[in-house]
Amino acid sequence: MIRKLTLLALLLSFIHVAAASDKGLMVAMEVVKDGQSLGKPSIWQQSGTTGEISMQNEFRLKITPTAKDDSADVKFEIFTSQDGVESTAGSPRIVTKIGQPASIAWNASNGKSYKLSILVSQTQQPAR
């Protein structure tokens, strides 16, 4: 009987770990350059891990979202590319409540103005 209970407890702990590892953060974004939308990408990441998105061969984002209670701390490394030369546009951080939209705007060294809007939701990993 004790052996069966131990086996059941072990099985349940594996199920709990597997379910927890499937939960993460979906970061939906819109990137605007000089008033024109470059696109509306989204990325799912486990909390604390880094993902990357490239857009139109002129914009690249490294994104590290971290969940903390009902908030998300999203760190970005933003790179722009002009004439094949990539430059760092900044490393901003947005802290927002999960489910609440947030945005930042800046002027890059290439003279362009950018706006990054995000909406973070806590979700299970999407099917591939």
Original post:
Residues in the stretch 29-47: is at least one on the phi > 0 side of the Ramachandran plot, at pLDDT 85 or above and in a strand (DSSP E or B)?
Top reply: yes
Original post:
Taking the stated definitions as given, is residue 111 surrounded by fewer than 17 Cβ atoms within 10 Å (Cβ to Cβ) and either within 19 Å of residue 25 (Cα to Cα) or in contact with a Lys or Arg (Cβ under 7 Å, 6 or more places away or on another chain) (or both)?
Top reply: no
**OP:** State which residue is nearest to residue 83 (Cα to Cα) when the search covers only the stretch 107-126 and only residues that are modelled with pLDDT of 85 or more and of a type in the set (Gly, Ala, Ser).
**Re:** 113
**OP:** Kindly indicate whether any position in the stretch 96-115 is assigned to a loop (DSSP other than H, G, I, E, B), touching a residue at least 40 places away in the same chain (Cβ under 8 Å) and not aliphatic (A, V, I, L, M).
**Re:** yes
Subject >> Scope the stretch 51-70; condition surrounded by 12 or more Cβ atoms within 10 Å (Cβ to Cβ) and either of a type in the set (Lys, Arg) or part of a loop (DSSP other than H, G, I, E, B) (or both); matching residues >> reply: 58, 60, 62
Subject >> Where residue 126 falls short, out of the listed (1) under 15 Å from the mean Cα position of the chain (by Cα); (2) under 17 Å from residue 53 (Cβ atoms); (3) assigned to a strand (DSSP E or B) >> reply: (3)
**OP:** Provide a single number: the residues in the stretch 67-89 that are under 15 Å from the mean Cα position of the chain (by Cα) and in contact (Cβ under 8 Å) with a residue 24 or more places away in the chain.
**Re:** 6
Original post:
Before we move on, is residue 87 surrounded by fewer than 16 Cβ atoms within 10 Å (Cβ to Cβ) and under 22 Å from residue 24 (Cβ atoms)?
Top reply: no
**OP:** Tell me, yes or no, whether the stretch 5-14 has at least one residue that is out of contact with any Asp or Glu (no Cβ under 6 Å at 6 or more places or on another chain) and either at pLDDT 85 or above or of a type in the set (Phe, Trp, Tyr) (or both).
**Re:** yes
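The values are calculated or read from the model by the stated rules, or taken from the named source; none is laboratory data. All values derive from a computational prediction rather than experimental measurement. Positions of Cβ are backbone-derived with ideal geometry, glycine not excepted, and every protein chain shown enters the neighbour counts.
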